[in-house]
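First comes the structure, then the notes that go with it.
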Amino acid sequence: RYKVYVVHWHLTDNLAWRFEVKSHPELTRAEFHEQEKERAPGKFYSQEEVREVIAYAKARGVTVVPEIDIPGHSAALRRALGVKDMGDPKVAPVLRDAFRELLALAPPEDMPFVHVGTDEVRSAQERMPPEFIAEIIRMITNSGRQAIVWKAGIKPPDDERILEMMWAQFKPSGKHRFVDARSIYTNLNTGADAVRTCYWNVPACDGKPEQRYGGELA
């Protein structure tokens, strides 16, 4: 009806980890979520519910793009694991398991994209070795899917299957196809923002035409 055919679905963030990882049930426990009542501590999507959402969307011509955001936006993960920073040896095995379980929920034709985040790493506690992020990207691409990373985050490997997601003032690298997510958030719209977006940030106008994969409106 609205010609919205892709849903970018954040499953994790600083406030809470909302995706069931059966090998690590501590990630979704209420005590590790933000406790404000409106944030629904302890609520999360079971793996069966994720399957149902993907199937429901597919039946209506909509593709779901799940995102496990690393290494930033990871405070809830660190709380659950009892670690101070993302470089702790406990972190990497848990993330491997989380992505492995996510990839097992649907075949590539039903879940062709997985977003790895990589944006807004703003402190030493949020940093991880670039080699580990590259390992997760390989896990995704080797499963027959395309990995998506924020252009504001890491420098992605030279793999043509990877999609970059533009943010803020960033420009396409010229090496990868890209999704333009530099427009304003609709729930923060003001008259001044609308003018800025239309005249100074025309969606998907940069880069080579064959590299423009589309735009995203949050």
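The values are calculated or read from the model by the stated rules, or taken from the named source; none is laboratory data. If you're wondering where the values come from, they're calculated on a predicted model, not measured in any experiment. So basically every Cβ, Gly included, is an ideal-geometry build from the backbone, and we count neighbours across all protein chains shown. With ligands, DNA and RNA removed, areas are computed over all heavy atoms of the protein, side chains included. Shrake-Rupley method; radii C 1.70, N 1.55, O 1.52, S 1.80 Å.
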Exercise. Per the Debye formula with a single identical scatterer at each Cα and no solvent contribution, what log10 I(q)/I(0) holds for segment 1-97 at q = 0.21 Å⁻¹?
Worked result: -1.05
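Solvent-accessible area per residue for the chain at a 1.4 Å probe radius, Å²? Let's see the in-between values first.
Details: 11800 Å² over 218 residues.
Averaged over the residues of the chain, the accessible area is 54 Å².
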For this session: Run down the lysines and flag those whose C-alpha is under 22 Å from the C-alpha of Lys175, throwing out any fewer than 8 positions away in its chain.
Result: Lys151, Lys155, Lys208
Seminar exercise, completed: With the charge dipole of the chain built from beta-carbon charges (+1 for Lys and Arg, -1 for Asp and Glu) about the Cα centre, the Cα from Leu102, Gly214, Met86 projecting farthest to the positive end belongs to Gly214
Problem set entry | Accessible surface of the chain, 1.4 Å probe, proportion on carbon and sulfur as whole % | 54
For this session: Sum -39500 (n - 2.57) across every DSSP H segment of at least 4 residues in the chain, then divide by the residue count to get the 222 nm mean residue ellipticity, nearest 500.
Result: -8000 deg cm²/dmol
Exercise. Which one of Gly61, Gly153, Gly87 has the biggest mean-square fluctuation once the chain is modelled by GNM with Cα springs under 10 Å?
Worked result: Gly61
Exercise. Using just the C-alpha positions of the chain as equal point scatterers, what log10 of I(q)/I(0) does the Debye formula give at each q in 0.10, 0.13 1/Å?
Worked result: -0.46, -0.79
